């Protein structure tokens, strides 16, 4: 990629349209996003996740793309809202309802149905979304079911198409053999590998686009995601699989604390 091409990429980024707090957390590589799920339209469940994210100190909440959910989430929390979908037209009304960020991704619910997403499909979804909403910050998830080198290639193509954040995944494909801390490390390997590979190539090509490492992460492995090049982490099941609000808040708080500590250690070193 040419130097002029890189300048073009940087000039087109819409990160500066995100809330100031989000920009600051991305710059300090400590942004925490809590994900309620692309297919989770249950208002009460989403409300509990939003409340836990807010009380626990998360920076961003990622919910299903439905205007009513956006409006109700804004009503109970000051956190900026990201909406996830694989149907570009559905973003329009959610943005009108107050979503700050739109995302193509969170494919886990589709994998359960045997549905996968090809490189061509993701690129077409990205192009269609940018045509519909050219001035709204866009995050795009790179599917884990393609080889790492292809994930890297796709990430670069997505940036050229206007993606402002690249998200990695992989927790769904990981089947830890161990329990405890070792199991948590095993669970995180696919998304950490993708994060590192994409970050390394972005560095080589002077592409200054944030990477959000998501899926399969925990308090133990969030700092590793940052070490691999992530500016942000996204967590879902580690929070929303819990039944009570107090436990959910405690987990969110622990996750955010691990990111802050990671940032402090990086500054010291």
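Side notes on the structure shown:
- Of the residues 191, 221, the single one that is under 24 Å from residue 121 (Cβ atoms), crowded, with 18+ Cβ neighbours inside 10 Å and free of Cβ contacts under 8 Å to residues at least 60 places away in the same chain is 191.
- When residue 116 is tested against the conditions (1) without any contact (Cβ under 8 Å) to a residue 60 or more places away in the chain; (2) surrounded by fewer than 20 Cβ atoms within 10 Å (Cβ to Cβ); (3) more than 27 Å from residue 228 (Cβ to Cβ), the lone failure is (3).
- Top-ranked residue of the stretch 119-145 - restricted to ones that are part of a loop (DSSP other than H, G, I, E, B) and either at pLDDT below 95 or touching a helix residue (DSSP H, G or I) at 6+ places or on another chain (Cβ under 8 Å) (or both), ranked as surrounded by the most Cβ atoms within 10 Å (Cβ to Cβ): 142
- Close contacts from the stretch 81-109, counting a first residue that is free of Cβ contacts under 8 Å to residues at least 40 places away in the same chain and on the phi > 0 side of the Ramachandran plot and a second that is part of a helix (DSSP H, G or I) and buried (at least 20 other Cβ atoms within 10 Å of the Cβ), with Cβ to Cβ under 7 Å and a gap of 6+ residues or different chains, come to 98/70.
- Here residue 69 fulfils each of the conditions (1) surrounded by fewer than 23 Cβ atoms within 10 Å (Cβ to Cβ); (2) assigned to a helix (DSSP H, G or I); (3) in contact (Cβ under 8 Å) with a residue 12 or more places away in the chain apart from (1).
- None of 94, 54, 90 is more than 26 Å from residue 257 (Cβ to Cβ), in contact with a strand residue (DSSP E or B) (Cβ under 9 Å, 6 or more places away or on another chain), surrounded by fewer than 20 Cβ atoms within 10 Å (Cβ to Cβ) and modelled with pLDDT of 95 or more except 90.
- Residues of the stretch 146-187 that are in contact with a helix residue (DSSP H, G or I) (Cβ under 7 Å, 6 or more places away or on another chain), outside any helix (DSSP H, G or I) and under 22 Å from residue 238 (Cβ atoms): 166, 168, 169, 170, 174, 176, 177, 178.
- Some residue of the stretch 30-41 being more than 13 Å from the chain's Cα centre (by Cα), closer than 24 Å to residue 257 by Cα and surrounded by fewer than 22 Cβ atoms within 10 Å (Cβ to Cβ): no
- Criterion (in contact with a helix residue (DSSP H, G or I) (Cβ under 6 Å, 6 or more places away or on another chain), closer than 22 Å to residue 136 by Cβ and at pLDDT below 95) met by exactly one of 9, 61, 81, 102: 9
- When 233, 226, 239 are screened for being surrounded by 20 or more Cβ atoms within 10 Å (Cβ to Cβ), assigned to a strand (DSSP E or B) and touching a residue at least 60 places away in the same chain (Cβ under 8 Å), only 233 passes.
- Residues that are loosely packed, with under 15 Cβ neighbours inside 10 Å and either in contact (Cβ under 8 Å) with a residue 24 or more places away in the chain or under 13 Å from the mean Cα position of the chain (by Cα) (or both) within the stretch 13-29 comprise 17, 21, 27, listed in sequence order.
- Flag: residue 53 matches the condition of being under 15 Å from residue 236 (Cβ atoms) and in a helix (DSSP H, G or I).
- For residue 158, the conditions (1) surrounded by 22 or more Cβ atoms within 10 Å (Cβ to Cβ); (2) touching a strand residue (DSSP E or B) at 6+ places or on another chain (Cβ under 7 Å); (3) in contact (Cβ under 8 Å) with a residue 40 or more places away in the chain; (4) over 13 Å from residue 85 (Cβ atoms) are fulfilled apart from (3).
- Unmet criterion (only one of (1) under 25 Å from residue 216 (Cα atoms); (2) modelled with pLDDT of 95 or more; (3) touching a helix residue (DSSP H, G or I) at 6+ places or on another chain (Cβ under 6 Å)) for residue 108: (2)
The values are calculated or read from the model by the stated rules, or taken from the named source; none is laboratory data. These numbers were taken from a predicted model, which means no experiment stands behind them. For neighbour counting, all protein chains shown are included, and Cβ atoms are generated from backbone atoms with ideal geometry for every residue, glycine included.
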